[in-house]
Amino acid sequence: MTYYDQVKEAADAVKARVHEVPRIAVVLGSGLGDFARSLEGGVSMPYRELPNWPASHVVGHEGRLVVGTVRGRTIAALAGRSHAYEGHELRTVTFAVRVLGLLGVQILVLTNAAGGVNTGFAQGALMVIDDHINLMGNNPLVGPNDDRFGPRFPDMTEVYSPRLRRIADEAGRDIDRRLPHGIYVALLGPSYETPAEIRYLREIGVDAVGMSTVPEAIVARHMGIEVLGISCISNMAAGVLPQPLDHAEVMETTRQVRGQFIALLEGIIGRL
Ligand code: HPA
């Protein structure tokens, strides 16, 4: 079976189980998985029940796709994503976004936890991604292009929709936050960066560093989907503070910010 057919089969399986096909989708980063549970009338589809879906190894959670209602809008929420550092090829990492695209999703909100490279950021800040730098050393579109998904050489001038970034700012005001904006860089990981790497990233204009989102954003744009990206600054990047980085800290910050992050997402969705 071709990759396209695998994606199509998964999309058809999702279509067969939902009452209404979503126009909006949200990929939930670390610590946000609970948002999927809060969807009204949600149809929950564990990844293992969907054909061809790559297994994801999220600690403490079963990966799942939930289709339900938020503020009157039918959305798809993905709890659990696969990462390149697990050893997956990028087309595996972006399988879910391909399925969403074939389902008919037109707006994709990508969320993540990221390290703060910009020293002006506070831990727990929610950053609107204005643009990205791909330093993963790979691209999800490498290989033969299937024109049914999109063109061989897709434009990446405005990956993150100016319209959606404005809407995020408005939704930020509702939760009494002025959201910082910035440039997100994706590295392969899984080791965190060295202080020298972080100084280098700051020098080239990076504000936040992480290990996800960029492949998904590229694939979404390839399919003509409008993209918004929001990073939770879960920790200051290596060398900013006189202490080592710790995944537990990342999880703790995302836990503390979860309520506000969810309120922000609801405010954004309510405006779409
Ligand atoms: N570096 C890379 N990825 C991350 C970080 C970081 O500091 N924090 C959360 N994800």
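Where a number appears in this text, it was derived from the coordinates with a stated rule and is not lab data. All values reported here derive from a predicted model rather than from experimental measurement. For neighbour counting, all protein chains shown are included, and Cβ atoms are generated from backbone atoms with ideal geometry for every residue, glycine included.
So the values come out like this:
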{"item": "Computed [θ] at 222 nm, helices only, for the chain once each DSSP H run of length n ≥ 4 contributes -39500 (n - 2.57)", "result": "-9500 deg cm²/dmol"}
{"item": "Relative intensity, log₁₀ I(q)/I(0), of the stretch 91-216 from a Debye sum that treats every alpha carbon as a point, q = 0.13 Å⁻¹", "result": "-0.61"}
{"item": "Ratio of the Cα radius of gyration of the stretch 170-272 to 2.2 N^0.38 Å, where N counts its residues", "result": "1.19"}
{"item": "Amide proton proximity set for residue 113, modelled H, under 5 Å, gap of 5+", "result": "30, 232"}
{"item": "D_trans [Stokes-Einstein, Kirkwood Rh over alpha-carbon pairs] for the stretch 76-119, 10 °C, 1.306 mPa s, µm² s⁻¹", "result": "129"}
{"item": "Helix axis angle, 247-270 relative to the chain longest principal axis, alpha carbon, degrees", "result": "60"}
{"item": "DSSP bridge orientation in the chain - percent antiparallel, rounded to nearest 5", "result": "35"}
{"item": "Difference of contour (0.36 nm per residue) and Cα-Cα distance, residue 4 to residue 49", "result": "14.3 nm"}
{"item": "Dipole in debye (nearest 20) - the stretch 124-216, about Cα centre, beta carbon charges: Lys, Arg +1; Asp, Glu -1", "result": "100"}
{"item": "Cα lying deepest toward the dipole's positive end in the chain, options 145, 195, 220, charges on Cβ", "result": "220"}
{"item": "Dipole moment magnitude, nearest 20 debye, the chain about Cα centre, only Lys, Arg, Asp, Glu C-beta charged", "result": "540"}
{"item": "C-alpha long axis of helix 3-17 to longest principal axis of the chain, angle in °", "result": "80"}
{"item": "Karplus-derived HN-Hα couplings along the stretch 31-43 (A = 6.51, B = -1.76, C = 1.60, θ = phi - 60°), whole Hz, x at Gly and Pro", "result": "x, 9, x, 4, 4, 4, 6, 7, 5, 6, x, x, 9"}
{"item": "Descending Cα extents along the principal axes, the chain, whole Å", "result": "52, 41, 35"}
{"item": "Likely footprinting exposure, 127, 251, 236, fewest C-beta neighbours within 10 Å first", "result": "251, 236, 127"}
{"item": "Where a label projected 7 Å from the Cα of residue 188 along Cα→Cβ would reach, residues of the stretch 69-95 with amide N under 20 Å", "result": "82-95"}
{"item": "Residue 243 paired with residue 152, simple spin-label distance in nm, labels 7 Å along Cα-to-beta-carbon", "result": "5.2"}
{"item": "C-alpha long axis of helix 162-174 to longest principal axis of the chain, angle in °", "result": "70"}
{"item": "Net charge over other residues, Cβ less than 12 angstrom from the Cβ of residue 181 (K, R count +1; D, E count -1)", "result": "-1"}
